[in-house]
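For reference, the structure discussed in these notes is given below.
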Amino acid sequence: NAGVTQTPKFQVLKTGQSMTLQCAQDMNHNSMYWYRQDPGMGLRLIYYSASEGTTDKGEVPNGYNVSRLNKREFSLRLESAAPSQTSVYFCASRVATGGEETQYFGPGTRLLVL
Amino acid sequence: GENVEQHPSTLSVQEGDSAVIKCTYSDSASNYFPWYKQELGKRPQLIIDIRSNVGEKKDQRIAVTLNKTAKHFSLHITETQPEDSAVYFCAALFAGTYKYIFGTGTRLKVLA
């Protein structure tokens, strides 16, 4: 049981390049989330997926797209990376049924956009 | 709009003293309030949580209190130890949504 996994761990991009961050969970959770973490800003929600087949915008969705590929996987895509997207990205998942509200986080992806 | 404010941003205490971190939320319908600890370079880890139908919850040296009327909740750490040094985040789950809004974090330093 690996929990929540993310790939890659670290990535350097040039301005304008695109990339996809991958997230997978093996806990049979219904809801999945993408956050970015910047110094002094805490964790800000980019997008979330309440259940398979649905996605919704969070606080800071501009410049990102997401795909809930199946129940296990939730990817985050940067179509044209900008230096302002330099951050640490965390994926999280949650059961979201039976009153269970705990989120479990992945190890994070450090992204540097030059 | 949905917002969670967290204070202080940094906190230094002597080993053995208590530490208190406070958060205020905007949506009175919020019903779940977790606290996370994040060590340098690591992922956030849940340390304690509280639901809106409970006023206080304890787990060994850690406790959380909730004041629904004032819309604030606090983390209390007693008998602090150097390994408590980390960044702590509060969050609120906004009722009727799947969205968690996080505070901006408190960097706690426990001085030996």
### Summary
Filtering segment B:59-112 down to residues that are more than 26 Å from B:Ser28 (Cβ to Cβ), touching a residue at least 40 places away in the same chain (Cβ under 8 Å) and surrounded by fewer than 17 Cβ atoms within 10 Å (Cβ to Cβ) yields B:Thr78, B:Glu79, B:Gln81, B:Pro82, B:Arg107, B:Lys109, B:Leu111, B:Ala112
### Message
Tell me whether segment B:48-58 contains one or more residues that are out of contact with any strand residue (DSSP E or B) (no Cβ under 9 Å at 6 or more places or on another chain), over 15 Å from A:Gln37 (Cα atoms) and without any contact (Cβ under 8 Å) to a residue 24 or more places away in the chain.
### Response
yes
### Task
Could you tell me whether any residue of segment A:57-71 is within 12 Å of chain B (Cβ to nearest Cβ), assigned to a strand (DSSP E or B) and within 16 Å of A:Arg110 (Cα to Cα)?
no
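Just for segment A:16-32: of the residues that are assigned to a strand (DSSP E or B) and more than 14 Å from chain B (Cβ to nearest Cβ), which one is nearest to A:Glu52 (Cα to Cα)?
Per the criteria, the residue is A:Ala24.
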### Message
Being closer than 15 Å to B:Pro8 by Cα and either of a type in the set (Asp, Glu) or not in a loop (DSSP other than H, G, I, E, B) (or both) is the filter here; which residues of segment B:92-106 pass it?
### Response
B:Phe102, B:Thr106
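May I ask you to say which residue of B:Lys71, B:Lys42 is among the charged types (D, E, K, R) and away from chain A (no Cβ under 11 Å)? Let's see the steps before the verdict.
Numbers: B:Lys42 fails: away from chain A (no Cβ under 11 Å).
From the options B:Lys71, B:Lys42, the qualifying one is B:Lys71.
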## Note on the structure
Heads up, the strands (runs of 3 or more DSSP E) in segment B:3-60 (entirely inside) with at least 3 residues that are touching a Ser or Thr at 6+ places or on another chain (Cβ under 9 Å) and of a type in the set (D, E, K, R) are none
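Computed from the coordinates by the stated procedures, all read-outs in this text should not be read as laboratory data. The model shown is predicted, which means the values in this text are computed figures rather than measured ones. FYI the Cβ positions are ideal-geometry reconstructions off the backbone, even for glycines, and counts take in every protein chain you see.
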